[in-house]
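First up is the structure itself, then whatever we jot down about it.
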Amino acid sequence: MTDRREAHAAGLGIATVAIYMALVLATGRVDPTDFGRLFLTYLKGSFGLWLVIGLLGLVWKLYQNRPRSGPAPSPFAVMLAWGRTRWARDHGISFFWPPLLFASLMASFNAFKQMVLPLAGFRFDPLFAAMDRTLFLGHDPWRVTHALLSSPAATGLINAAYHGWFVPMALGVMICAWLPDSSYRLRTQYLLSYIAMWIGVGSVLAFLLPAAGPCFYSHFVGPAPEFQALMNRLAADQATLGAPLSALTFQNGLLDSFGSDTLRVGGGISAMPSVHNGLAALFAFAAFRLNRWAGWTMTAFAALIWIGSIHLGWHYAIDGIVSIALAWGIWTVAGRIAERLERQPKPMEAAAAIA
């Protein structure tokens, strides 16, 4: 008999994203045809990564089932047996809803950030810049990171780590599709937290606390010698490295596409709260549920992301601090929801109780 807990978790997640998508489209600022193309782009990417993970999982499965003697089982037989098990488990719900969730959520957020969020303006940048200087005893945080990590090579490494973040950001969702039934609570907690981070933090709070970030301060707020000095420093590091810094490339691209009527993958400008930092914190929270070493590794990665967000001019330090605190709150609430869903009796347990 099918375990309906997966359907309940998927139903909750997909319904939330569907409402979010409907609200974004209902603003009238997003062209449905353009949105459809964007959705297909994300869908192809999500299922591509999903398939790669599945192939790697098949290789591992074949290795686990290798015989000590005699012929090895065919990959087709292993896949068939696994497919039957998954179908009996939940009719494939847990298998397909993560990549569909990812594509729907990313397309909706992308459209919101690029087409709707600009209506809020960027009125909080002066406040957040002032808060940063208070936290860092009168100094701009970027001056601290560039003093401690002063070489162009350090900037290049931070740039590579920061902009390679898309892979783990998508990877965690796709891995959820392939995990066993025993991981139900962790998978559900992670996916619900992931949804809440993009919608609650990246959309609702971003609209209520609109800010462009240090790299865009002079473009949207006014003259800012302190942040122009940061951009000059990054340009000098780029010249010394002799190769483009992706941070500067992406920042210029976002400026070029700002105000465009055409949706662009990754388009839109927003600093507070930082989804980038919040999701890195979620990686760490989930990793600690696996083992301590994985948790500390991802904690170090989250710290690097926070430093990089300041060092490269994307965010104020306060953006990351607020996001990490929000991520912890979201993770806690999502855990309680997942625990409650997990406590629902399985079909066999329910039948025994009725009998």
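The values are calculated or read from the model by the stated rules, or taken from the named source; none is laboratory data. All values reported here derive from a predicted model rather than from experimental measurement. Glycine also receives a Cβ, built like all others from the backbone with ideal geometry; neighbour counts cover every protein chain displayed.
Quick grid of which residues meet (1) among the small types (Gly, Ala, Ser); (2) out of contact with any strand residue (DSSP E or B) (no Cβ under 7 Å at 6 or more places or on another chain); (3) more than 30 Å from Asp31 (Cα to Cα):
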residue: Pro273; (1), (2), (3): no, yes, no
residue: Gly278; (1), (2), (3): yes, yes, no
residue: Ala281; (1), (2), (3): yes, yes, yes
residue: Ala284; (1), (2), (3): yes, yes, yes
residue: Asn291; (1), (2), (3): no, yes, yes
residue: Thr299; (1), (2), (3): no, yes, yes
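Of the residues Leu51, Leu62, Leu38, which single one is at pLDDT below 85, surrounded by 11 or more Cβ atoms within 10 Å (Cβ to Cβ) and under 30 Å from the mean Cα position of the chain (by Cα)?
Only one candidate qualifies: Leu51.
So which residues in the range 247-306 are of a type in the set (D, E, K, R) and under 25 Å from Ile195 (Cβ atoms), if there are any at all?
Arg264, Arg289
Suppose we filter Thr2, Thr85 for residues that are of a type in the set (Val, Ile, Thr), in a helix (DSSP H, G or I) and at pLDDT below 80; which single one remains?
After ruling out the rest, the residue left standing is Thr85.
Specify which of the listed residues (Ser323, Ser274) is buried (at least 22 other Cβ atoms within 10 Å of the Cβ) and either in contact with a Pro (Cβ under 6 Å, 6 or more places away or on another chain) or modelled with pLDDT under 90 (or both).
The match here is Ser323.
Among the residues of the range 311-321, are any within 14 Å of the chain's Cα centre (by Cα) and among the aliphatic types (A, V, I, L, M)?
Checked the range 311-321: no residue is within 14 Å of the chain's Cα centre (by Cα) and among the aliphatic types (A, V, I, L, M).
How many of the residues making up the range 178-223 are in contact (Cβ under 8 Å) with a residue 24 or more places away in the chain and either among the charged types (D, E, K, R) or closer than 30 Å to Pro152 by Cα (or both)?
13
Only one residue in Leu234, Leu248, Leu254, Leu192 is closer than 30 Å to Gly329 by Cα and of a type in the set (A, V, I, L, M, F, W, C), so which one is that?
That would be Leu192, the only listed residue that is closer than 30 Å to Gly329 by Cα and of a type in the set (A, V, I, L, M, F, W, C).
Could you list all residues from the range 225-237 that are buried (at least 19 other Cβ atoms within 10 Å of the Cβ) and either free of Cβ contacts under 8 Å to residues at least 60 places away in the same chain or in contact with a Lys or Arg (Cβ under 6 Å, 6 or more places away or on another chain) (or both)?
Across the range 225-237, there are no qualifying residues.
Please work out which residue is farthest from Leu192 (Cα to Cα), limiting yourself to the range 16-35 and to residues that are within 18 Å of the chain's Cα centre (by Cα) and not hydrophobic (A, V, I, L, M, F, W, C).
Tyr20
Regarding Phe96, is this residue hydrophobic (A, V, I, L, M, F, W, C) and part of a helix (DSSP H, G or I)?
In short, yes.
Taking the conditions exactly as written (surrounded by 16 or more Cβ atoms within 10 Å (Cβ to Cβ) and either closer than 24 Å to Ala154 by Cβ or more than 15 Å from the chain's Cα centre (by Cα) (or both)), does Leu255 satisfy them or not?
no
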